[in-house]
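Structure first, commentary second.
The values are calculated or read from the model by the stated rules, or taken from the named source; none is laboratory data. The model shown is predicted, which means the values in this text are computed figures rather than measured ones. Heads up, the Cβs are rebuilt from the backbone with ideal geometry, glycines too, and the neighbour counts pull from every protein chain shown.
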Amino acid sequence: MSEQKLRNDQIQLGIKTNIGQISLQLVQIFLVGLTIGMTRIVIPGLAESEFGLADQAFFLLASFVVVFGLIKAIMNLLAGKLSERYGRKKILVIGWVVALPIPFILLHAPNWNWIIAATVLLGFNQGLCWSMALNSKLDLAKTSQKGLVNGINEFSGYAAVGIAGLATAYVVQDLGAREGLYYFSLIVISAGLLLAVFTIKETLPWSKLHHIDTDKTVTETAERTLKQLFSYASIQHKPLIALNQAGLVEKFTDAIVWIFFPVYFTSQGLSLVEAGAIIAIYGVVWGACQLVTGPLSDKIGRRGLIVWGMWFCGIGVVLIPLTNSVFYWSLESALIGVGMAMVYPNLGAAVGDFASAKERASLIGVYRFWRDLGYAIGALVMGLMAQMSENLLAPFWFVGIAMFLSGLWLLIWMPAKITEG
């Protein structure tokens, strides 16, 4: 498609110009966040009573996050290339269709293996839908708005994660775990699918306009395969390697919040709703602060925000078992949320800084592969550590140390000023 035709069709870049579609894509991200958020409090908190896990079966508890991380990582890697071939909207719709059986599995699950099966489908859903909603917004926005786009995207998604965690804790208190999760997930997934089919536009034409604008200043190079791009980002390009490892390690923080925070807080005598409220602070603060940290990185640079965010997360996680009151746990949960807000949107934006428009979706897919593989690796290591030590303290120290070292690696390998593309 020529530049003239694109211009004649009034396809223009920018958040303001495309605010309608960007808003609808934010609704998609919110629904995707609700879908994963519903599992954050209820399933770990009720694993023993509802799904037959023995007390201190920490590895089995972590297993559903291990599976989720593996599936989502693979989908993230493939989603970018698939969407470049088949279109963003089609992949988004497929992601919602795959999720349709989840409510029924949760309702009828006779044992923990069925929860693992539902988690497989959840990984497909999150990998495809979250990737497509983000890439579509990046297609619609100007190149200079990457930080802002990532910020509002992650605000919408992770505010929903926090809200869903607390909301489902209340719902299952009235309806029971199975029925509560069933009705909540059925409504959210059905809404996501219907809105994806009837309100979302295909954004590949906007992506092509980015290519045109890039081609004015960048010499055309041969198209690289996904294998070549994976190798380039994973073992050849030092700043991208640093960003990918930071993405992987920061998921250790989200994994410990997902798996062990509900168990730890309830072991300290809190109810499921009280634990959910503390964890919801993490999600809501994370989401809201990204409205500031995303666009701020466009102005002051990304490295400092990311490095200090990694360290704030590590400090917050380590402090949780060192304190013993709802007040302090709430403050520490908020600190972790602030740290994640400094890290999360800006890692993705920084990867985009090193990518040409033509390769951006694929390189972000590589980054998201490594990032969400962190769920699997972190959950596996923490599950084994907790199982072998028969207590919950070791995972907290593991995550704190890992976040500090990862931030230091990024500080050394990532340049303070990034030359775009």
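For segment 339-360, the count of residues that are in contact with a Phe, Trp or Tyr (Cβ under 9 Å, 6 or more places away or on another chain), surrounded by fewer than 22 Cβ atoms within 10 Å (Cβ to Cβ) and farther than 25 Å from Leu77 by Cα is zero. For beta carbons closer than 6 Å, sequence separation of 6+ or different chains, a first residue in segment 60-73 that is closer than 13 Å to Ile256 by Cα and a second that is aromatic (Phe, Trp, Tyr) and surrounded by fewer than 22 Cβ atoms within 10 Å (Cβ to Cβ), there are no qualifying pairs.
Cβ separations smaller than 8 Å between residues 6+ apart or across chains give the following pairs from segment 26-53 residues that are within 21 Å of Leu175 (Cβ to Cβ) to residues that are of a type in the set (Lys, Arg): Glu50/Arg178. Of the residues examined, Gly80 is not one that is part of a helix (DSSP H, G or I) and in contact with a Phe, Trp or Tyr (Cβ under 6 Å, 6 or more places away or on another chain).
Condition (residue is modelled with pLDDT under 95, over 24 Å from the mean Cα position of the chain (by Cα), hydroxyl-bearing (Ser, Thr, Tyr) and in a helix (DSSP H, G or I)) applied to segment 225-242: is it met by at least one residue? Within segment 225-242, not a single residue is modelled with pLDDT under 95, over 24 Å from the mean Cα position of the chain (by Cα), hydroxyl-bearing (Ser, Thr, Tyr) and in a helix (DSSP H, G or I).
To keep it simple, each residue is scored yes or no on (1) crowded, with 19+ Cβ neighbours inside 10 Å; (2) modelled with pLDDT under 95; (3) of a type in the set (A, V, I, L, M); (4) outside any loop (DSSP other than H, G, I, E, B).
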site	(1), (2), (3), (4)
Gly20	no, yes, no, yes
Gln28	yes, no, no, yes
Ile36	yes, yes, yes, yes
Pro44	yes, yes, no, yes
Ser49	no, yes, no, yes
Ala54	no, yes, yes, no
Phe59	no, yes, no, yes
Phe64	yes, yes, no, yes
Phe68	yes, yes, no, yes
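Could you please let me know if Leu138 is under 30 Å from Asp298 (Cβ atoms), surrounded by 24 or more Cβ atoms within 10 Å (Cβ to Cβ) and in contact (Cβ under 8 Å) with a residue 40 or more places away in the chain? So Leu138 passes the test. Annotation: Tyr344 fulfils all but one of (1) aromatic (Phe, Trp, Tyr); (2) under 14 Å from Glu250 (Cβ atoms); (3) modelled with pLDDT of 95 or more; the unmet one is (3).
Entry remark, segment 267-281: residues being surrounded by 19 or more Cβ atoms within 10 Å (Cβ to Cβ) and farther than 13 Å from Leu331 by Cα number 3 in total. Scanning segment 295-307 for residues that are under 14 Å from Val249 (Cα atoms) and either surrounded by fewer than 20 Cβ atoms within 10 Å (Cβ to Cβ) or modelled with pLDDT under 95 (or both) returns no hits. Quick one: is Leu195 at pLDDT 90 or above, surrounded by fewer than 20 Cβ atoms within 10 Å (Cβ to Cβ) and touching a helix residue (DSSP H, G or I) at 6+ places or on another chain (Cβ under 7 Å)? So Leu195 fits the description; yes.
May I ask you to verify whether Trp286 is more than 26 Å from Glu84 (Cβ to Cβ) and either touching a His at 6+ places or on another chain (Cβ under 6 Å) or surrounded by fewer than 22 Cβ atoms within 10 Å (Cβ to Cβ) (or both)? Judged against the criteria, Trp286 is not a match. Restricting attention to segment 140-163, does a residue exist that is basic (Lys, Arg), assigned to a helix (DSSP H, G or I) and under 18 Å from Arg40 (Cα atoms)? Taking every residue of segment 140-163 in turn, none turns out to be basic (Lys, Arg), assigned to a helix (DSSP H, G or I) and under 18 Å from Arg40 (Cα atoms).
For segment 198-216: of the residues being of a type in the set (Ser, Thr, Tyr) and crowded, with 20+ Cβ neighbours inside 10 Å, which is modelled with the highest pLDDT? Across segment 198-216, the extreme among qualifying residues is Thr203.
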